[in-house]
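**Student:** Structure in structure tokens, see below.
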Amino acid sequence: MFKKLLILFFAILTALLLAALFRTIMHTAVQTKPTEGEVILIDEIRAIENLAESIKFQTISYQEKEKFPQEEFNYFIEWAAKTYPEFHQALTLEKLGHSLLFKWKGSDKTLSPILFEGHYDVVPIIPGTEDLWDEMPFSGTISNNRIWGRGALDDKSGVIGLMEAATYLIKNNFQPTRTVYFGFGHDEEIGGGGAALITEKLREQGIQLHWSLGEGSFVNRGFFPGVDKLIAPINVAEKGIMNLLIVAKAEGGHSSTPPSRTAVTLLAEALMKLEKEPLPGSLEGLSAVMFDEVSKHMPFSYRFLFANRWLFGGIIESQMSSSPVINAMIRTTTAPTMLNGSIKSNVLPIEASALINFRLHPRDTIESVTDHVRRIVGSEDVEVRLLGGMEASGISSWNSPGFEIVATSLNKVYGDVISVPGLMIAASDTRHYSKIADNSFRFNPFSIVPEDMTGFHGTNESIDIDSFVAGIKTYVEIIREGSSN
Ligand SMILES: [Zn+2]
């Protein structure tokens, strides 16, 4: 009897293993032929110099509104008009404060327009870190095959790249069939009031966009383990954001006779509970599609795991949660950022509080996250207060014309690129534009490597020259295709 059971056990195990192996073999990418694009001869030197020049304008968005450097923004607008005369002649410009809305009228009025957006404001340099830069942050230096300075990646390359691409098309007598808008925001880094105004303006005119494309993730290499191909996560959704205040209460008094539990220790306990019980994350929907596609290009061991999620789902998820970036893609993140306690070293606080910043995955809502936190830490002594927030965006279709045009354009310029739907983990102006668009995508067609990441809002922001040029060519393809049908 025992022997029979043992044989049965091994038979089942062998069958499972064979099934898992079969699934792994099937979980392989099909080889696609790169799409041929026409040769795009842009004036590369001029384009590179223009981006370098644009970086010199200190169009900084300060949190304190009164520090707004209005003149720098005015100079930038004047410089753009002088530098891109064809663009300014062929398109009409409407200024909304310092945000700019350009319209390139299409020949077919019955087609709904498309919109490209970017922002030309930048974040400040953290005081005291200027000397850590290899080149001064607003010098617009060109060296080591790179263009240096604040905005090189986020997001002057986007704005300049779009104007370069449109200029190329205008010079080559291209006429759009579908109307094309360009929205260039001046305050994306502090909420995007300008983009909100542009959106409102278009809405008043009854405009519903076919699709929109704005800043987002980049073509990249080296971010996914074992994948040496270029990956393009074209973001189809954007995370939301919310702040909760956790307030622990206790009796105050003199610190010489503390009770066993004070407001501070109650608060600490609450924070530890939250760390132990993060919002659930899982590989489903959008994230599943992304990792399914990317994992087909991974080495055998990874493919074995991803092809058999029914068996290894738990292992994959715990592995993914250990990487902060991937963790942020699969769940709502919990980040305690600001703490408050006593006002004096020898006074026990009556209240101790922690501000927790959450980035909402599209599957969660402000209400569901607040409920989750209340269930875990809420008590008579610990109160959970909602300070405000913004829900995650809707999810755009990755089986739609806009997504396909971006993916095909990338193939024409870069050759073999794997385009997958992605989730934007930071905020962008697209959260405004998406309100009037059938589908919205967040993606910059420039390429980056992991070492570039510290440049975003950090030190040594710079863009590789070849990457910048390839991005402009991709914009040419996207604008031409997108506005032609
Ligand atoms: Zn940005």
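Every number here is computed from the coordinates shown, using simple stated rules; none is lab data. All of these numbers come straight from a predicted model, not from anything done at the bench. No Cβ is skipped: glycine too gets one built from the backbone with ideal geometry, and neighbour counts run over all protein chains shown.
**Student:** Fewest Cβ neighbours within 10 Å first, please rank T14, T24 accordingly.
**Tutor:** T14, T24
**Student:** About the Cα centre of the range 240-390, how large is the charge dipole given +1 on each Lys and Arg Cβ and -1 on each Asp and Glu Cβ? Please answer in debye to the nearest 20.
**Tutor:** Dipole size: approximately 260 debye.
**Student:** Could you grab the relative contact order for the chain? Cα pairs under 8 Å, six or more apart, rounded to a whole percent.
**Tutor:** 25
**Student:** Work out which helices of the chain, taken as complete DSSP H runs, extend at least 27 Å along their axis over the Cα atoms and score a mean Kyte-Doolittle of 0.0 or more, then list them.
**Tutor:** Helices meeting the criterion: 2-26, 465-484.
**Student:** Could you sort 469-480, 276-287 so that the peptide with the highest average Cβ count within 10 Å comes first and the rest follow in order?
**Tutor:** In decreasing order of mean packing, 469-480, 276-287 become 469-480, 276-287.
**Student:** Continuing with the same structure: For a protection proxy built on the mean count of beta-carbon atoms within 10 angstrom, sort 205-216, 250-261, 151-162 highest first, please.
**Tutor:** So the peptides 205-216, 250-261, 151-162, ranked by packing, come out 151-162, 205-216, 250-261.
**Student:** Based on Cβ point charges of +1 for Lys and Arg and -1 for Asp and Glu, what charge dipole magnitude is obtained for the range 155-307 about its Cα centre, in debye rounded to the nearest 20?
**Tutor:** 280
**Student:** A follow-up question, please. Of the listed pairs K82/K412; K156/K296; K65/K201; K276/K435; K171/K229; K276/K344, which have alpha-carbon separations greater than 28 Å here?
**Tutor:** Beyond 28 Å between Cα atoms: K82/K412; K156/K296; K276/K435; K171/K229; K276/K344.
**Student:** 5 Å is the cut-off here: which amide hydrogens, built 1.01 Å from N in the peptide plane, fall below it relative to L360, excluding neighbours closer than 5 in sequence?
**Tutor:** Those lying under 5 Å, H to H, from L360 are G240, I241, M242.
**Student:** Determine, for L266, L410, the number of other Cβ atoms within 10 Å of each Cβ, and report the residues in order from fewest to most.
**Tutor:** L266, L410
**Student:** Which of the aspartates and glutamates could be linked to K109 by a straight reach, that is with a Cα gap under 18 Å, when you skip same-chain ones fewer than 8 residues away?
**Tutor:** Once the sequence-local aspartates and glutamates are set aside, what remains near K109 is E204, D438, E481.
**Student:** Now, a different point. Under a Cβ-only charge scheme (Lys and Arg +1, Asp and Glu -1), can you give me the dipole magnitude of the chain about the Cα centre, in debye to the nearest 20?
**Tutor:** The calculated dipole for the chain is roughly 1660 debye.
**Student:** Another question about this same structure. Rank P299, H254, L286 by how far each Cα sits towards the positive end of the charge dipole of the range 224-316 (+1 on Lys, Arg Cβ; -1 on Asp, Glu Cβ) and give me just the farthest.
**Tutor:** Farthest towards the positive end: P299.
**Student:** Mind checking which of S400, M242, L100 is farthest towards the positive end of the chain's charge dipole, using Cβ charges of +1 (Lys, Arg) and -1 (Asp, Glu) about the Cα centre?
**Tutor:** Result: S400, furthest along the dipole toward the positive end.
**Student:** Counting other C-beta atoms within 10 Å, and keeping those with at most 10, which DSSP coil GluC sites (Glu not before Pro) do you find in the range 327-394?
**Tutor:** Answer in residue order: E380.
**Student:** By count of other Cβ within 10 Å, fewest leading, how are D416, D464 ordered?
**Tutor:** D416, D464
**Student:** Tell me which residues come under 5 Å, amide H to amide H, from V420 once H is placed; ignore anything under 5 positions away on its chain.
**Tutor:** Residues meeting the amide H criterion: A232, I234.
**Student:** Would you work out the relative contact order for the range 420-485, in percent, from Cα pairs under 8 angstrom that are 6 or more residues apart?
**Tutor:** 26
**Student:** What share of the DSSP beta bridges in the chain is antiparallel, in percent to the nearest 5?
**Tutor:** Of those bridges, close to 60 percent are antiparallel.
**Student:** While we're looking at this one, here's another question. Within the range 1-68, list the GluC sites (Glu not before Pro) lying in a DSSP loop whose Cβ has at most 12 other Cβ atoms in a 10 Å radius.
**Tutor:** Those satisfying the criteria are E36, E38, E64.
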